[in-house]
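Trainee: There's a structure below that I have some questions on.
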Amino acid sequence: MIQPPAPSLVLMRRLLALLALLFLAAAPGLGAQKRPGPNPVQREYQAAADRIIAAATADSAAWNKLAELTDTFGNRLSGSAALERAIDWIIARMKQEGLENVRGEPVMVPHWVRGEEHAELRQPRYQNLPMLGLGGSIATPPGGIEAEVIVVTSFDDLKRRGAASVKDRIVLYDVPFTNYGQTVQYRANGANEASRLGAVASLIRSVGPYGLRTPHTGAMAPYDTSVKAIPAAAITMEDAAMLHRMQDRSQRIVVRLDMSAQMLPDAPSRNVIGEIVGREKPDEVVVFGGHIDSWDVGFGAMDDAGGMMTAWEAVRLLHQLGLRPRRTIRAVGWTNEENGGRGGQGYRDAHRNELDKHIAAIESDGGTFKFQGFGFNGSDSAYAIVRQIGKLLKPLGADTIFKGGGGADIGPIMQLGVPGMSHNVDGTRYFWYHHTPADNVDKIDPRELAENVAAMAIMAYVLADLPDRLPRK
């Protein structure tokens, strides 16, 4: 049996242990290195960050306002009256909330109108085919197009089959989703490539990883003037797979396509802006936001009223909390991201002479699901600073700053040297609803949206309040 140590020995051991702890705490070369304190940014701003998180997540204010916007005005395609009414409402609401320098900055935008459209399978049997014309497509001739379908799996497959197999047919690209950047090429360029070989129309399998027989629209690339323009549309993933199986069985496939789409003259629109003016350097700006336009199906809640709302609510929240940074924070709802990018280009042109005083630009256009962190594109020294800011987001469970960031709307000013950032979320379900009639506010969780608002507010506030601006490349 092992005897327990004597009481005096126990006291001695406790005393030695206490002395050792005191020594480590006092020795900067030992204990201090093993127990590092928070970084300088955390020491300065963690209290403010905690206030922002608490205020943002205290209620569902952001979600309620997003629901009101999307329910009231619906989808907001560039050139539509609905988009302009929504912008009027946002401007009035921003002013009511006390935001500063609220305004709409004029931009001319493309005005494509879908019109009536319909597709149906005629052989080997009849079936209605849910479809959406692709943005920018021309109409079918009066009376529509009825033709045999040839299914291909890639541009290379199309070329291998050649004009003899393609001429006077409707080409269907049945290309499974790999990632958006790769698969979207068939939406952008499918019509031009099919037309080169004599096709009369082009169909694509909707661009997305998952579907419930729901078609996805989206913009085409401009028609190539060296080939005949042909109508283009998307059908569902399920129907594309079915037509592919029919072809594999050597069945004759005939589809009828009717579209009345048209491109009207450019129409006036606006980028919508609201600010908190900096207390020391008002001419230096952190700009962030999302796009207010959407496709003409669904309500565009996820893509991208939620991203615009994240920035808008972040500015409103900072104003409510009395957190006025050294520099100006500018929330923007860009117009015409979906089918032209004129909003981002217009912002660049309107502010070209001020871009050397733009500290950073942040874009939210990937949905407002569970927040995961920010992406950053800029100098290495600036990246190190942004990583320190990212540690303030640890209470949200996402304090990582990824290398690489940006977006379509901030791309034009990033090209002129402004550091760019993307607001990153769990995008697992994003392309389920992207550009579909299912993009409604019910897909957005109020708590997740609130956490996105908190993250955006913290990042913008600290970037705008740091003693020194971010160094550029």
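The values are calculated or read from the model by the stated rules, or taken from the named source; none is laboratory data. As the structure is a prediction and not an experimental result, all values here were calculated from the model. Here the Cβ positions follow ideal geometry from the backbone for every residue, glycine too, while neighbour counts run over all protein chains shown. Please note that ligands, DNA and RNA were not included when accessible areas were found on the heavy atoms of the full protein model with its side chains. Shrake-Rupley method; radii C 1.70, N 1.55, O 1.52, S 1.80 Å.
Trainee: Would you list the strands (runs of 3 or more DSSP E) that sit entirely within segment 303-401 and hold 2 or more residues that are open to solvent by 50 Å² or more (accessible area, probe 1.4 Å)?
Mentor: Those strands (runs of 3 or more DSSP E) span 371-377.
Trainee: Do you know which of the residues in segment 66-82 that are of a type outside the set (S, T, N, Q) and touching a Phe, Trp or Tyr at 6+ places or on another chain (Cβ under 8 Å) is most open to solvent (accessible area, probe 1.4 Å)?
Mentor: Among them, the one singled out is 71.
Trainee: Related question: Name the residues in segment 111-125 that are in a loop (DSSP other than H, G, I, E, B) and either within 18 Å of residue 143 (Cα to Cα) or touching a Gly at 6+ places or on another chain (Cβ under 8 Å) (or both), would you? Spell out how you get there, then give the answer.
Mentor: Quick first cut of segment 111-125, residues in a loop (DSSP other than H, G, I, E, B) only: 114-116, 124-125.
Matches in segment 111-125: 114, 115, 116.
Trainee: Quick one: in segment 406-424, which of the residues that are among the polar types (S, T, N, Q) and within 17 Å of residue 379 (Cα to Cα) is surrounded by the fewest Cβ atoms within 10 Å (Cβ to Cβ)?
Mentor: Taking the candidates together, the pick is 415.
Trainee: Which residue pairs have Cβ atoms under 7 Å apart, sit 6 or more places apart or on different chains, and have a first residue in segment 258-278 that is within 18 Å of residue 139 (Cα to Cα) and a second that is basic (Lys, Arg)?
Mentor: Partner pairs satisfying both residue conditions: 261/114.
Conditions tested, residue by residue: (1) part of a helix (DSSP H, G or I); (2) surrounded by 24 or more Cβ atoms within 10 Å (Cβ to Cβ).
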{"position": "435", "(1), (2)": "no, yes"}
{"position": "439", "(1), (2)": "no, yes"}
{"position": "450", "(1), (2)": "yes, yes"}
{"position": "453", "(1), (2)": "yes, yes"}
{"position": "461", "(1), (2)": "yes, yes"}
{"position": "467", "(1), (2)": "no, no"}
{"position": "472", "(1), (2)": "no, no"}
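Trainee: When segment 377-418 is examined, which residues are found to be within 16 Å of residue 347 (Cβ to Cβ) and of a type outside the set (Asp, Glu)?
Mentor: Those that are within 16 Å of residue 347 (Cβ to Cβ) and of a type outside the set (Asp, Glu): 406, 407, 408, 410, 411, 412, 413, 414, 415, 416, 417, 418.
Trainee: Among the numbered criteria (1) loosely packed, with under 15 Cβ neighbours inside 10 Å; (2) part of a loop (DSSP other than H, G, I, E, B), which one does residue 223 miss?
Mentor: Of the numbered conditions (1) loosely packed, with under 15 Cβ neighbours inside 10 Å; (2) part of a loop (DSSP other than H, G, I, E, B), the odd one out for residue 223 is (1).
Yes or no, residue by residue, for (1) in contact with a helix residue (DSSP H, G or I) (Cβ under 9 Å, 6 or more places away or on another chain); (2) touching a residue at least 60 places away in the same chain (Cβ under 8 Å); (3) small (Gly, Ala, Ser):
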| residue | (1), (2), (3) |
| --- | --- |
| 371 | yes, yes, no |
| 382 | no, yes, yes |
| 385 | yes, yes, no |
| 388 | yes, yes, no |
| 397 | yes, no, yes |
| 414 | no, no, no |
| 417 | yes, yes, yes |
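Trainee: Go through (1) crowded, with 17+ Cβ neighbours inside 10 Å; (2) without any contact (Cβ under 8 Å) to a residue 24 or more places away in the chain; (3) charged (D, E, K, R) one by one and return the number of the condition residue 239 breaks.
Mentor: (2)
Trainee: Report yes if some residue within segment 88-110 is over 18 Å from residue 313 (Cα atoms) and assigned to a loop (DSSP other than H, G, I, E, B); otherwise report no.
Mentor: Among the residues of segment 88-110, not one is over 18 Å from residue 313 (Cα atoms) and assigned to a loop (DSSP other than H, G, I, E, B), which makes the answer no.
Trainee: Give the residues of segment 265-283 that are surrounded by fewer than 18 Cβ atoms within 10 Å (Cβ to Cβ) and assigned to a strand (DSSP E or B), sorted by residue number. So that I can check it myself, show each step before the final result.
Mentor: Applying the first criterion (surrounded by fewer than 18 Cβ atoms within 10 Å (Cβ to Cβ)) to segment 265-283 yields 265-268, 277, 279-283.
Answer for segment 265-283, where residues must be surrounded by fewer than 18 Cβ atoms within 10 Å (Cβ to Cβ) and assigned to a strand (DSSP E or B): 265, 266, 267, 268, 281, 282, 283.
Trainee: Please pick out the residue among 38, 28, 5 that is open to solvent by 70 Å² or more (accessible area, probe 1.4 Å) and either closer than 19 Å to residue 391 by Cβ or modelled with pLDDT under 80 (or both).
Mentor: Among 38, 28, 5, only 28 is open to solvent by 70 Å² or more (accessible area, probe 1.4 Å) and either closer than 19 Å to residue 391 by Cβ or modelled with pLDDT under 80 (or both).
Trainee: Pick from 43, 14, 76, 51: which is among the basic types (Lys, Arg), out of contact with any Gly (no Cβ under 8 Å at 6 or more places or on another chain) and either under 30 Å from residue 270 (Cα atoms) or at pLDDT 50 or above (or both)?
Mentor: Just one listed residue meets the conditions, 51.
Trainee: Check residue 424 against each of (1) free of Cβ contacts under 8 Å to residues at least 24 places away in the same chain; (2) within 24 Å of residue 345 (Cα to Cα) and name the one condition it does not meet.
Mentor: Condition not satisfied by residue 424: (1).
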